[in-house]
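A.B. asks: Sharing a structure, written as structure tokens. Questions coming.
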Amino acid sequence: MRRRRSSTTAVVVLVAGSLAAIALLVYTTRRLLAPRRERRHERKRAQASVPDAPPDHGLDHQGEASGVGELTHRHYAIVVPRSTFTCQSLIRQIQQRVHELSPSALAAFEKTSGDASLMSVGDEYDVTMLGPWNGRVRVAEVTDNSFTLVTLEGHPEAGHITFSVRELPERTDAFKVVIESWARARDKAVHVAYDTLSVGRQVQAEVWVTFLQRVAELTGGDEVPEVDIDSEELTT
């Protein structure tokens with residue numbers, strides 16, 4: 001019975017992943033001119049400094065140790081005009097507008113726990129994603145210029161993601177906004193559709209490219225800046 005259930009799950013994930021790929025193609029054809037620079041590479045995990053996720057003691061916390069496949073480190077960054085913002089005021093705007101900045105066609109965020117106008121540790125979000133990858137996340141850390149979300153049971157990934165706004169020492173007129181994640185696939189079925197077939201990976205890339213470009217619009221930039229994407233698999 002367990003084998004049959006596992007096989008059925010795999011088929012559902014693969015079929016839904018194929019449908020998601022079609023929908024993603026329709027979406028991305030409208031965004032072909034979105035400037036980006038992408039690099040992919042591998043590195044031995046022993047050579048990488050992997051940050052620990054902020055502590056989260058919920059029984060439903062789904063840390064990267066519980067996932068399957070290689071640990072993947074993804075880094076998305078964009079330079080935006082300083083405008084009237086400080087690092088603190090811009091990250092506060094991002095916290096309050098997570099649901100607006102994320103493209104709802106690909107990943108819709110709905111806050112299910114916590115104050116709608118304030119992000120605090122323990123707040124939770126339901127994330128409805130394109131394909132069979134709906135999940136939940138919880139705020140594990142909030143600082144003056146960043147916040148970190150950890151994945152909860154049922155999310156397609158096992159790991160954490162940090163959003164930050166950073167000063168640029170060489171520039172006084174701009175900030176760097178960074179989204180950085182460390183995660184593995186939740187299980188083997190998701191690993192096939194999400195990583196091996198690259199459907200989930202591409203969905204994720206489009207979500208965060210759009211997210212960062214909307215942050216740029218929030219700061220009043222006249223042009224759509226380039227999003228820098230760096231993705232590396234940490235192999236054993």
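A.B. asks: Among the residues of the range 196-236, write down those that are of a type in the set (V, I, T) and either in contact with a strand residue (DSSP E or B) (Cβ under 6 Å, 6 or more places away or on another chain) or crowded, with 23+ Cβ neighbours inside 10 Å (or both). Don't jump to the end; show me each part of the working.
C.D. replies: We begin by selecting, within the range 196-236, every residue of a type in the set (V, I, T); these are 196, 199, 203, 207, 209-210, 215, 219, 224, 227, 229, 235-236.
Within the range 196-236, V199, V203, V207, V209, V215, T219, V227, I229, T235 meet the criteria.
A.B. asks: Within the range 12-49, which residues are surrounded by 12 or more Cβ atoms within 10 Å (Cβ to Cβ), hydrophobic (A, V, I, L, M, F, W, C) and modelled with pLDDT of 50 or more?
C.D. replies: Within the range 12-49, A20, A21, A23, L24, A34, A48 meet the criteria.
A.B. asks: Could I ask something else about it? Any residue in the range 165-173 that is of a type in the set (K, R) and either closer than 20 Å to R201 by Cβ or part of a loop (DSSP other than H, G, I, E, B) (or both)? Give the steps one after another, and end with the answer.
C.D. replies: Applying the first criterion (of a type in the set (K, R)) to the range 165-173 yields 166, 171.
After this cut, where a residue has to be either closer than 20 Å to R201 by Cβ or part of a loop (DSSP other than H, G, I, E, B) (or both) as well, the list is 171.
The answer is yes, given that some residue of the range 165-173 is of a type in the set (K, R) and either closer than 20 Å to R201 by Cβ or part of a loop (DSSP other than H, G, I, E, B) (or both).
A.B. asks: Return the only residue of D115, D123 being buried (at least 18 other Cβ atoms within 10 Å of the Cβ), over 14 Å from P156 (Cα atoms) and without any contact (Cβ under 8 Å) to a residue 24 or more places away in the chain.
C.D. replies: Numbers: D115 fails: buried (at least 18 other Cβ atoms within 10 Å of the Cβ).
Answer to the check: D123.
A.B. asks: To continue, here is another question. What single numbered condition from (1) more than 21 Å from T210 (Cα to Cα); (2) in contact with a Leu (Cβ under 8 Å, 6 or more places away or on another chain) fails to hold for R171?
C.D. replies: Every condition holds for R171 apart from (2).
A.B. asks: Also, quick follow-up: Looking at S83 and the list (1) without any contact (Cβ under 8 Å) to a residue 24 or more places away in the chain; (2) of a type in the set (G, A, S); (3) under 23 Å from T210 (Cβ atoms), which single condition is not satisfied?
C.D. replies: Every condition holds for S83 apart from (1).
A.B. asks: Which one of these is without any contact (Cβ under 8 Å) to a residue 40 or more places away in the chain and either of a type outside the set (A, V, I, L, M, F, W, C) or in contact with a Ser or Thr (Cβ under 7 Å, 6 or more places away or on another chain) (or both): G135, G200?
C.D. replies: Values: G200 fails: without any contact (Cβ under 8 Å) to a residue 40 or more places away in the chain.
After ruling out the rest, the residue left standing is G135.
The values are calculated or read from the model by the stated rules, or taken from the named source; none is laboratory data. What you see is a predicted model; the values in this text were computed from it and never measured. Cβ sites come from the backbone with ideal geometry, for glycine too, and all protein chains shown count toward neighbours.
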